[in-house]
Amino acid sequence: MLDSFELSPAVGSGTFGTVFPARAKHHLNARVIAKSHYALKKLSLSSGLSLQNEMGALHTVKGNANVVELLACFTSEEATTGIPSAYLVFPLF
C-alpha cells in the first residue's frame, strides 16, 4: 500500500515516529477517496509498543473535534533493511 503514495520529505519526527506529507497516486478505499493529500506517520514496529500506544491514544480521543481522524493504517517492510513499519494515514490540512 505504501506504493500508493508519493511521499515528500519528512516534516517532523519524534520519539515514536516520523511524519511525511504524501499524495495519493490513486483512490485507496471508500474512507480515503475524497482527498488526495495526506499526512503519513511512520512508526517502527521493532517493539510494537509505539503502535499499540498510538492506536490506544487515537481510540481514546476518537470523535474529538480537535483531533484529526485516522483514515487508514497499514504495514510495509523497508526495502533496504526488511524491518517492518506501520503507517498511519491522516488527512493533510
Would you mind getting the accessible area per residue of the chain, heavy atoms of the protein chains only, 1.4 Å probe, in Å²? 64 Å²
Just one of (i) -1.38; (ii) -1.26; (iii) -1.06 is log10 I(q)/I(0) by the Debye sum over Cα atoms at q = 0.22 Å⁻¹ calculated from these coordinates, so which is it? (ii)
Calc'd 3J(HN,Hα), region 80-86, phi into Karplus 6.51 cos²θ - 1.76 cosθ + 1.60 (θ = phi - 60°), Hz, glycine/Pro = x, comes to 7, 10, x, 7, x, 10, 9
Whole-percent carbon and sulfur share, accessible surface of the chain, 1.4 Å: 56 percent
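The values are calculated or read from the model by the stated rules, or taken from the named source; none is laboratory data. Note that the structure is a prediction, hence the values are computed from the model and not measured. What goes into the accessible areas is simple: the full protein's heavy atoms, side chains included, and nothing from ligands, DNA or RNA. Shrake-Rupley method; radii C 1.70, N 1.55, O 1.52, S 1.80 Å.
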